[in-house]
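*Asks:* Before I ask anything, let me first share the structure, which is written out below as structure tokens.
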Amino acid sequence: AAGSTFAFIEQLGVRLFSRRATVMVSDVKGPTKPVHLGGVAARDLFAWAPAPGSVPLAVTLISYAGHVRIGVLADARVVGNPAQIVRRIEQELSDWCRRA
């Protein structure tokens with residue numbers, strides 16, 4: 001919604017809400033079948049969550065053609081060990097898949 005208003009209102013909203021947020025999580029459903037560009041199928045798709053203002057951690061899950069990608073964007077000055085967060089997410093998803 002913020003992107004459809006005047007720029008100064010969008011910037012005000014981003015500044016206001018990003019000061020109160022610690023993490024941004026985004027889940028994007030991508031194409032269920034491979035898409036083609038110039039006649040060539042894209043093998044994979046990757047996206048980063050937007051991290052407006054001072055939000056120190058953003059996590060994105062995006063699906064594409066039956067697979068899921070996870071992107072983690074972290075401010076290492078605030079989030080001490082971003083790699084540890086990635087390992088925990090991978091472990092939790094692996095455990096969840098085994099139980100499913």
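The values are calculated or read from the model by the stated rules, or taken from the named source; none is laboratory data. Model, not experiment: these values are computed from the prediction. Methodologically, a virtual Cβ is constructed for each residue, glycine included, from the backbone with ideal geometry; neighbour enumeration extends over all protein chains shown. When the accessible area is computed, the model is the full protein with side chains, heavy atoms only, and any ligands, DNA or RNA have been set aside. Shrake-Rupley method; radii C 1.70, N 1.55, O 1.52, S 1.80 Å.
*Asks:* Would you mind finding the one in T5, T60 that is at pLDDT below 90, open to solvent by less than 70 Å² (accessible area, probe 1.4 Å) and closer than 23 Å to C97 by Cα? Quick ask: steps written out before the conclusion?
*Replies:* On the way: T5 fails: closer than 23 Å to C97 by Cα.
Selected residue: T60, the only one of T5, T60 that is at pLDDT below 90, open to solvent by less than 70 Å² (accessible area, probe 1.4 Å) and closer than 23 Å to C97 by Cα.
*Asks:* Next up: Across the range 32-45, what is the number of residues that are at negative phi, assigned to a loop (DSSP other than H, G, I, E, B) and out of contact with any Phe, Trp or Tyr (no Cβ under 6 Å at 6 or more places or on another chain)? Step through it out loud before you land on a result.
*Replies:* Within the range 32-45, the subset at negative phi is 32-37, 40-45.
Okay, now just the ones that are also assigned to a loop (DSSP other than H, G, I, E, B), so 32-35, 42-45.
Filter once more, so that each one left must be out of contact with any Phe, Trp or Tyr (no Cβ under 6 Å at 6 or more places or on another chain): 32-35, 42-44.
Total meeting the criteria: 7.
*Asks:* Looking at (1) open to solvent by 40 Å² or more (accessible area, probe 1.4 Å); (2) modelled with pLDDT under 85; (3) more than 24 Å from E90 (Cα to Cα), which is the one condition that is false for S18?
*Replies:* If we test S18 against (1) open to solvent by 40 Å² or more (accessible area, probe 1.4 Å); (2) modelled with pLDDT under 85; (3) more than 24 Å from E90 (Cα to Cα), just (1) comes out false.
*Asks:* Suppose we keep only residues that are within 16 Å of T22 (Cβ to Cβ) and open to solvent by 50 Å² or more (accessible area, probe 1.4 Å) within the range 63-80. Which one would you say is nearest to the chain's Cα centre (by Cα)?
*Replies:* L73
*Asks:* Looking at (1) open to solvent by less than 50 Å² (accessible area, probe 1.4 Å); (2) modelled with pLDDT of 85 or more; (3) in a strand (DSSP E or B), which one does S26 not meet, given that it meets all the others?
*Replies:* Among (1) open to solvent by less than 50 Å² (accessible area, probe 1.4 Å); (2) modelled with pLDDT of 85 or more; (3) in a strand (DSSP E or B), S26 violates only (2).
*Asks:* With respect to the numbered conditions (1) modelled with pLDDT of 85 or more; (2) surrounded by 11 or more Cβ atoms within 10 Å (Cβ to Cβ); (3) not charged (D, E, K, R), which one is the sole condition not fulfilled by H36?
*Replies:* It fails just one condition, (2).
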